[in-house]
Amino acid sequence: MALRAKNTLTNLSFGRHESDDWIALNRDWYSEVQSIIRKDPEGFFSSEFLEPITRRDMALLESYDHADSPVGRSFENLAHRFRSDSELFTRPSAEIPKFTAFDGKPRDVLTAHQEWEGVVTKVCSESFEAMLRDKTAGDQESKEVAEFDIGLMVSADDLELLKEGAIFNWVIGTEVKKEGTKRKVSFIKFRRLPAFTAADFAQARSFANEMMELFPTDESDKVTG
Amino acid sequence: MNLTKSPASREFELSLFGPGFGECALLHVGNGNWIGVDSCIDSKSKRQVILSYFDALGIDPATALKAIVVSHWHDDHIRGMAQLVKSAPNAHIWCSSAFSKKEVLQVIDIYATNKTIVEKPGTSELRDTLVCLKQRKAPSLRFPKLTGENVPVFVDEGIRVTGLSPSSHQQLLSTAELGNLMPKENEAKKRAPTQHENHLSVVLHIEVEGLVALLGGDLEHRGARETLGWTAILNNDMKPKSIATLYKVPHHGSENAHVDRIWDEMLTDGPVALVAPYNRGVKPLPSKEDRNRILTRTDKAWSTADPLLPKKKRKLSKWIEDERRECVNRYRWVRTDTGQIRIRANLDDPTGEPSVELFDGALHLSELRDEKA
């Protein structure tokens, strides 16, 4: 089931659709994703699951951002909405919103040629430092470090996300405008990761309680509540 | 030089490894007793470097390692720690008392279990290490021991390994600092922030039959505050009095860990100095100024690697390379191979000069390349 849903997700091309509610692009896919989320929400939002989509469609979604499209939000935003909107999980299938078909109008298309995942390690007043993992090469660890100019590389929308530990994607690619002109582009997009939830905090408390047993000299410090 | 030759029973060894993914030290204090300090992974072999070295020497870590010191959770000091602890079931584990506090344990867990990030943070390794300890059967080996000022980490006939830090005041402050890293509910997930100032690090004074070494860890200087950082150690009248001839320079040789009084009061003139560079920042350490400062104190100074040694880069299209260059103020590839400095000394000849052996890219400190302007 998970594999099928993953394949469906991977095969989903945002470029072929124009919709007020992209969740309803494919009813079967939507049902399947709901099922996966119910069973293993953390697994669904794991990078292993989302990465095939984010890697390929990140750049395209970015172009939608510029075009002010109704689907013009990063996949992370939408995934976050999936997770936080419990009403979606309980909505009867008959109420799944309708979507409008792609209208066939030419659109800007952006192709990512090189992509890194960055982790912010230091934020200064005008610049920030990051460790970079080459996603295009499939690296599993950071092998590059860089300092970026905030004014040059961070969009106004992303400024509030620029914090130590924040994750972003850095894409170098080409953009073909709907009029046919082509240009090189490079941009940074910060990921809208799911929020820490009450369950995460409960798990952390439980872990702390369990591990406090390793420190018997500190009995007074047992976790309560 | 023969990397695979084990030290003799009456031979002291101090090996410093770095900067693969981090740094760590290994001590042979005689009679087949070894002590590990921190942990790192060799990026090429993906193996924990102490275990890899033991393989080369034909030593079983399960019986040889008597103590492992976990100084702090910075990525460059803890990678592979769980693997090391698992392979050394008879080693006592030493860590800061900050890790015994509920708020810090919660911080460790909440960042460790974040599945949205591919590259795991140091908290993840620390969590795995604690879980590994919990599974040990013998209570005496299951419970971590807490380091601090003047705490004996390993004692045997003629051997005394003493923890000199963190100070009690420091542990209180650090517990609060670490607790403050706890995210707020509904805050977006992120990688565990780094504790930039490194105050929890464990400094060790090692005395083996008259041979003395000072391992400075990553401890930084906190100015004249009597109860913090290096000043707390320097002002500690109860610390071991013997003067060290071997010195692991703290915090990659950086200026913020340099104190003249360490060189004047705790080390002999011209000691053997060992540096593990830091290569995961935009500005690698030690800087040219750091190197010069150390070299004015001793010409017997060695580095585990040259962080600016040119690395064979992945080939990008020229236009992508040009675009990349346009976007960054500074940029560099990180060398990830692990070098080793090995010091050995005959315990039956305490006046003899210890031998210095360099492996896998380790070099004299004066040979490090300068950063391009």
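The values are calculated or read from the model by the stated rules, or taken from the named source; none is laboratory data. Remember, it's a predicted structure, so these values are computed and weren't measured experimentally. We place every Cβ from the backbone using ideal geometry, glycine too, and count neighbours over all the protein chains shown. All accessible areas refer to the heavy atoms of the entire protein, side chains included, with ligands and DNA or RNA removed. Shrake-Rupley method; radii C 1.70, N 1.55, O 1.52, S 1.80 Å.
Multiply the residue separation of residue B:325 and residue B:364 by 0.36 nm, subtract the distance between their alpha-carbon atoms, and state the gained length in nm to one decimal.
Stretched fully, the residue B:325-residue B:364 segment lengthens by 10.8 nm.
Subtract the Cα-Cα distance of residue A:111 and residue A:174 from 0.36 nm times their separation in residues, and report this length gain in nm to one decimal.
22.1 nm
Could you sort out which of A:178/B:190; A:135/B:5; A:135/A:178; B:137/B:190; B:190/B:283; B:5/B:44 sit more than 30 Å apart by Cα distance in this structure?
Pairs exceeding 30 Å: A:178/B:190; A:135/B:5; B:137/B:190.
Give me, ordered by chain and number, the residues 5 or more places off residue B:203 or on other chains with an amide H under 5 Å from its own placed amide H.
Result for residue B:203 returns B:164, B:165.
To the nearest 0.05, what FRET efficiency results for residue B:235 and residue A:195 with a Förster distance of 51 Å applied to their C-beta separation?
0.65
What does the highest-first list of B:215-221, A:193-199 look like by mean Cβ count within 10 Å?
Averaged packing, sorted descending, gives the order B:215-221, A:193-199.
Can you tell me the dipole magnitude for the range A:109-190 around its Cα centre, using point charges on the Cβ only (Lys, Arg +1; Asp, Glu -1), in Debye to the nearest 20?
For the range A:109-190, the charge dipole is close to 440 debye.
Over the range A:109-190, with the other protein chains present, what is the accessible area per residue in square angstrom, probe 1.4 angstrom?
40
Report the accessible surface area buried between chains A and B, summing both sides, using a 1.4 Å probe on protein heavy atoms only, in Å² rounded to the nearest 100.
Summing both sides, the interface buries roughly 5800 Å².
Roughly speaking, what is the centre-to-centre gap between the range A:125-170 and the range A:179-194 when only Cα atoms are used, to the nearest Å?
Each part's Cα centre sits 14 Å from the other's.
Which peptide among B:138-151, B:227-240, B:71-84, B:92-105 comes first, and what is the full order, when sorted by highest mean count of other Cβ atoms within 10 Å?
Descending packing order for the listed peptides: B:71-84, B:92-105, B:227-240, B:138-151.
Taking the Cβ-Cβ separation of residue A:209 and residue A:163 as r and a Förster radius of 30 Å, what is the calculated FRET efficiency to the nearest 0.05?
Step by step, r from the Cβ atoms, then E = 0.55.
With both bridge residues required to lie in the range B:179-294, what share of the DSSP beta bridges run antiparallel, to the nearest 5%?
Within the range B:179-294, antiparallel bridges account for around 45 percent of the total.
Just subtract the alpha-carbon distance of residue B:169 and residue B:308 from 0.36 nm times their residue separation and send over the number in nm, one decimal.
Answer, rounded to one decimal: 46.3 nm.
Label-point separation (nm) for residue B:10 and residue B:371, each offset 7 Å from Cα along Cα-to-Cβ?
If labels sit at residue B:10 and residue B:371, their model points lie 4.8 nm apart.
Using a 1.4 Å probe on the protein chains only, how many percent of the accessible area of chain B belongs to carbon and sulfur?
Summing carbon and sulfur atoms, their accessible area is 50 percent of the total for chain B.
To the nearest whole number, what is the average tally of beta carbon atoms from other chains within 10 Å of the beta carbons of peptide B:316-328?
So the per-residue partner count for this stretch is 5.
On average, how much accessible surface per residue is there in the range B:271-373, in Å², for a 1.4 Å probe, leaving out ligands, DNA and RNA?
50
Post the alpha-carbon centroid distance, the range B:107-179 to the range B:237-313, in whole angstrom.
25
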